[in-house]
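Asker: This structure is in structure tokens; I'll ask about it shortly.
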Amino acid sequence: MRIGVMCGASSGPEGSVDGLIAHCRELEARGFASIWMANIFGLDAISAMGLVGRETERIELGTAVVPTYPRHPMAMAQLALTTQAASKGRFRLGIGLSHKVVIESMMGLSYEKPALHMREYLSVLNPLLRGEPAGFQGSLFRVAGGLQVPDADPVPVLVAALGERMLEVAGALSDGSILWMTGPKTIESHIAPRLGAAARDADRPAPRIVAGFPIVVTDDRDTVRDRIAKAIEMYGTLPSYRAMLDREGVQGPEDIAMVGDESALDDQLERLREVGVTDFNAAIMPLEEGADRRTLDWLQSKL
């Protein structure tokens, strides 16, 4: 299991371009396999990874994740291919539907037929990311055109898929799934088998499962857990995440967060390996003085 670190979800120093680049260069120097950048309401994740790609040499760069509804698939592909060229082939495009409250209530767009939207979106996006023209006539997208981005390798794409239909789409039409708010029991019983079956049925390679978890290495588990509950309570109210938490049999996001001392987290990390996670995406939460550095040091020791 490869170990990477989530960036872009914090209002700290990494929220600026210079701060993000400095942080990512440190992560590369520490030997981490990957960086996964959230695309929320700050820096644009695809563009930012292109900038990071010019300042790093080895580390894999990905988005976790960019919403599809606000971006036409040709525009998404153009951005991704440009970042792939800038990073010399190290970019991985993670995309997702986002949430109805964001797409409809904030952006004023339609959130209709999400699984069909993603299936048709990928039908347009995939050939473009391979450097081929897209010719697709569907219910939601009707596209005929191509892109020419010099020095851009094909871009692997991963989909934030949690529900049954979305896992089928992701397995059949992408390189894997990027998870959030999804515990190990749910990955083992729901995500991995459905995603894997869809990939096999489509004669595709075994899919990647990139699992993101809030994480804090601490000796004061109860206090930090309470802080996590307050800091990310909203995730438990979003329907797609709520469904995964209910499958796991837990009350809130704090119940799947990785919190404890090094020994306790050793066991939790091993559990993720056992259930089929291919890539661990550490969302380090600075909720205790010095905990972010301690967590990074522990993660580095697991490489």
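Asker: Rounding to the nearest 10 and keeping the result within 0 to 90°, find how far the Cα-based axis of helix 221-231 lies from the longest principal axis of the chain.
Answerer: For helix 221-231, the angle is close to 40 degrees.
Asker: Could you list Lys230, Lys302 in order of exposure, starting from the residue whose Cβ has the fewest other Cβ atoms within 10 Å?
Answerer: Lys230, Lys302
Asker: Quickly work out the Ala22-to-Leu140 label distance, labels modelled 7 Å from Cα along the C-beta direction, and quote it in nm with one decimal.
Answerer: Those two pseudo-labels are separated by 4.1 nm.
Asker: Express the Stokes-Einstein translational diffusion coefficient of the stretch 23-109 in µm² s⁻¹, to the nearest whole number, given a Kirkwood radius over alpha-carbon pairs, 25 °C and a viscosity of 0.890 mPa s.
Answerer: 183 µm²/s
Asker: Highest mean first, what order results for 192-199, 135-142 on Cβ atoms within 10 Å? Present the calculation step by step, with values, prior to reporting the outcome.
Answerer: Working: 192-199: 19.5, 135-142: 13.6.
Ranked by mean Cβ neighbours within 10 Å, highest first: 192-199, 135-142.
Asker: Starting from the Kirkwood radius over alpha-carbon pairs of the stretch 158-262, derive D by Stokes-Einstein at 4 °C in a medium of 1.567 mPa s and give it in µm² s⁻¹.
Answerer: My calculation gives 90 µm²/s for D.
Asker: Okay, moving on. Report the percentage of all Cα-Cα pairs in the chain whose separation exceeds 34 Å, rounded to a whole percent.
Answerer: Counting every Cα pair in the chain, those more than 34 Å apart make up 17 percent.
Asker: For the stretch 117-123, just list the computed ³J(HN,Hα) in residue order, Karplus coefficients 6.51, -1.76 and 1.60, θ = phi - 60°, integers in Hz, with x standing in for Gly and Pro.
Answerer: 4, 5, 4, 5, 4, 5, 5
Asker: Here is a follow-up. Can you list residues from other chains, or at least 5 along the same chain, whose modelled amide H is less than 5 Å from the amide H of Gly260?
Answerer: Hits under the 5 Å cutoff: Val216, Thr218.
Asker: In a shell of Cβ-Cβ distance under 14 Å around Glu26, excluding Glu26 itself, what net charge do Lys and Arg (+1) and Asp and Glu (-1) give?
Answerer: Local charge sum for Glu26: -3.
Asker: Ok, one more. For Ala283, which sequence-distant residues (separation of 5 or more, or a different chain) have an amide H within less than 5 Å of its own amide H, given hydrogens modelled in the peptide plane?
Answerer: Met6, Phe213, Ile215
Asker: Helix 45-55 against the longest principal axis of the chain: what's the angle in degrees, Cα atoms only, rounded to the nearest 10?
Answerer: Tilt of helix 45-55: around 80 degrees.
Asker: Relative to 2.2 N^0.38 Å, what does the C-alpha radius of gyration of the stretch 80-205 come to as a ratio? Two decimals please.
Answerer: 1.11
Asker: In whole Hz and in residue order, list the ³J(HN,Hα) couplings for the stretch 83-96 that follow from phi through the Karplus curve 6.51 cos²θ - 1.76 cosθ + 1.60, θ = phi - 60°; x for Gly and Pro.
Answerer: 5, 5, 5, 5, 9, 6, x, 9, 8, 10, 8, x, 10, x
Asker: Hey, fewest Cβ within 10 Å first, where do Phe91, Phe32 land in order?
Answerer: The fewest-first ordering by Cβ neighbours comes to Phe32, Phe91.
Asker: For Gly138, what residues show an amide H to amide H distance below 5 Å, using hydrogens built from the backbone and excluding near sequence neighbours?
Answerer: Those qualifying (amide H under 5 Å, at least 5 residues apart or on another chain) are Val143.
Asker: Arranged from highest to lowest average of other beta-carbon atoms within 10 Å per residue, in what order do the peptides 241-247, 2-8, 100-106, 212-218 appear?
Answerer: Working: 241-247: 17.6, 2-8: 21.7, 100-106: 14.9, 212-218: 24.4.
Ranked by mean Cβ neighbours within 10 Å, highest first: 212-218, 2-8, 241-247, 100-106.
Asker: Whole-Hz Karplus ³J(HN,Hα) for the stretch 244-260, in order, using 6.51 cos²θ - 1.76 cosθ + 1.60 and θ = phi - 60°, x for Gly and Pro?
Answerer: Using θ = phi - 60°, the values come out as 6, 5, 5, 4, 6, x, 10, 7, x, x, 5, 7, 10, 5, 8, 9, x Hz.
Where a number appears in this text, it was derived from the coordinates with a stated rule and is not lab data. Only a predicted model underlies this, so the values are computations on that prediction, with no experimental measurement involved. So basically every Cβ, Gly included, is an ideal-geometry build from the backbone, and we count neighbours across all protein chains shown.
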